[in-house]
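The values are calculated or read from the model by the stated rules, or taken from the named source; none is laboratory data. Predicted, not measured: the structure shown is a model, and the values here were computed from it. Here the Cβ positions follow ideal geometry from the backbone for every residue, glycine too, while neighbour counts run over all protein chains shown. The accessibility values were calculated without ligands, DNA or RNA, using every heavy atom of the protein model including side chains. Shrake-Rupley method; radii C 1.70, N 1.55, O 1.52, S 1.80 Å.
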Amino acid sequence: MRNRAPPRLSAWMDVWFDVAHHLETALKAAAAELGWPAGSFTPDVRTADPRFGDFQANGVLSYAKASATPGTKQNPRALAQALMDALLRREGAALTDRMTVSIAGPGFINFALKPSFLLTWLRTFDREDDLRRGAGQRLASQTWIVDYGSPNTAKQMHVGHIRSIIIGEAICRLLEFCGAKVVRDNHLGDWGTQFGKILYGYKHHLDRAALERDPLEEFERLYKAADAACKESPAALEEARLELVRLQNGEADAVSLWERVNQLSIDTLNSIYARLGVRYDHFLGESFYRDRIEAVYRELIGAGLAVESEGALVVFHPEHPRFATQPFIVRKSDGASNYASTDLATMAYRVEHFKADGVIVVTDARQNDHFEQLWLTTQKWFAHAGRRLPQFQHVTFGTILGEDGKAIKTRSGDPIRLKALLDEAEERAFAVVTEKNADLPEAKRREIARAVGIGAVIYADLSQNRSSDYVFSWDKLLSLDGNTAPYLLYACVRIASILRKLEPAQDVGAENATPFETPEEIALARKLVAFPGAIDQAVSTLRPHFISLYLYELAGAFSSFYNANRVLVDEPEVRARRLVLCRRTLMTLQTGLHLLEIRTLDQM
RNA sequence: GCUCCUGUAGUUCAAUGGAUAGAAUGUUGGCCUCCGAAGCCGAAGAUCCGGGUUCGACUCCCGGCGGGAGCACCA
């Protein structure tokens, strides 16, 4: 964009990328000057309801109570006044040139940015790199391992797998945006009981012709047949268990079949990941850790954490209400390892090899107990072994429901294949694009349908709080109205369209822009300046829906502005400032949508 | 039985202990001689129940009720 302000670092530092953060710091200093102890006062700055300003500091209210001594009462409004006076004294024109400060209600301090500052801010941070640099200080120099996706091999992915992939990838992008080095690891389930069953199925139920035709399909059928057999017959179950032990002991025939299944699986998985815009750095599945498990057993036993119980090696946590008696089984009574064993080895490897500062595992909420036990065990183990303890977050999510409110399934009751879901999304989007824009060439419509269809599926997931279940509805996610990917993409397209119509001679440059005047201009500018707050909320909670919510509100502010204020007007200075808004809105929408794995368009 | 998640307009979702609980959809009234109407502006409509903490509770605590899930060798 040719209208960019000169990239002087000093100017950049001067403008305060994250205004809320700056106010927080300034208010702390002012409070210190008044002698308010840092322990009992925090400014508590947050984005405000637009009616009251851009930011509000609520900390005085709780401080008034905390600082009251018996028999004395602190008047929060008077305290707010004192704090505001101190703030204005310290900051002077640097503050008052940029915003108006006022006290309201019982003791809120409100900050309303002035139009001239809004303009300066928008002219200063006008490229994605500027946003990235502003946000990138938060996690600078930290390494985070994100373990997501992580399906079992030997089965095709179904809808149940999509949330981990989508949420995990969004978290990766968010952490990178905030400056972290991110390692994307697909912790494949490639070493578990299902292989015992496949080996059993291969011996008893193999259809060689089917294996030639579609190997993965046949392996999946074998697994199902064996699984059914194991449910009916204890002898079959026992045989499948022994097959797993044979595999884990390195028997050649078992290993070679296992390798074949895995290679086939990974190829299929990758084709899905590519469609979703996901590229893993590693596929370190459970099997990768098989030579590290003995050491885990040794250290756990050495630390006195693991004990024999009912023939298995388990860890109890006596201080915990449930895990005092509910065991964490690290080695099965038949000697085989399980996912507790591999997950413990994985935790150690991530710290040793990747020097992880933090580890994030993204799975559905049903695995809560497992990861709670894993983390309890890890903390004690690492402390005993003198290992460095990383941060750990188990990021969970709810179930995808069908429109009947039950877990989503096909009519016949089988899980919906992920590939089929994505295909249908593209087909449905293609039909809509064709209906709305029949004159575009088919190749173009296909391309748009890919972005819109896949984007709609991704956005439907990321636009809601991950911890709840959500109802999957084609009509809703592709409806193009409301908080959907198509609505946001449409906003991008309209801006791109204006910029296409803009003639070079009309493009007089952002330096000629006058401060915003109309209510719609001001509302849009304020929303743009609120971007750092949305990033902050999303990353501090690892909840991407805060980004989505922000983008939806931004697109809404733009649409209102677009409808009420013509951009390509005759007055050069009005045109210039509206172009600043258009360009910044487009850039912010693109930045945010890319964080959410959605490809943007300039036509749809 | 114990534990975790979850109950917000008819429906699908928001709301870091803050000001008058926001949207969308559906219902309904307007707006294209104007940069893409896949849009914009307006109306009506909700915190499961009962206690408690707080200056202030959808949010925190206790007790119910409803939905989902986990609890010894699946992951």
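Tabulated values for the structure
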quantity: Relative contact order for the range A:418-595, counting Cα pairs under 8 Å that sit 6 or more residues apart, in percent; calculated: 23
quantity: When the convex hull of its Cα atoms is projected in every direction, mean area for the range A:75-130 (nm²); calculated: 4.7
quantity: Amide H partners (placed H, <5 Å) of residue A:392, local residues excluded; calculated: A:359
quantity: Percent RCO, i.e. relative contact order, over the range A:9-113, from Cα pairs under 8 Å lying at least 6 residues apart; calculated: 26
quantity: Translational diffusion coefficient (Stokes-Einstein; Kirkwood radius from C-alpha pairs) of the range A:167-253 at 37 °C, 0.692 mPa s, in µm²/s; calculated: 216
quantity: In Å, descending, principal axis extents of the Cα set of the range A:24-158; calculated: 71, 44, 31
quantity: Carbon/sulfur fraction of accessible area - the range A:9-113, other protein chains in place, 1.4 Å, %; calculated: 56
quantity: Helix runs (DSSP H) in chain A reaching 20 Å along axis by Cα, Kyte-Doolittle at least 1.0; calculated: A:162-177
quantity: Cα gyration tensor shape for the range A:418-595, rounded if a/c is under 1.5, else prolate or oblate; calculated: oblate
quantity: Per DSSP, loop GluC sites (Glu not before Pro) in the range A:224-253 with at most 16 further Cβ within 10 Å; calculated: A:251
quantity: Two-site label geometry, residue A:231 and residue A:603: point separation in nm, points 7 Å out along Cα→Cβ; calculated: 5.2
quantity: Rg/Rh (Cα only; Kirkwood hydrodynamic radius) as it applies to chain A; calculated: 1.03
quantity: Reachable lysines from residue A:406, criterion Cα separation under 25 angstrom, eight or more residues apart if same chain; calculated: A:155, A:224, A:231, A:419, A:476
quantity: Residue A:463 - accessible surface, heavy atoms, 1.4 Å probe, Å² rounded to 10; calculated: 30
quantity: Spin-label proximity, residue A:281 to the range A:345-366 - amide N less than 12 Å from point 7 Å beyond Cα toward beta carbon; calculated: A:350-351, A:353-360
quantity: Spin-label pair residue A:440/residue A:473, simplified geometry with 7 Å Cα→Cβ offset, distance in nm; calculated: 2.6
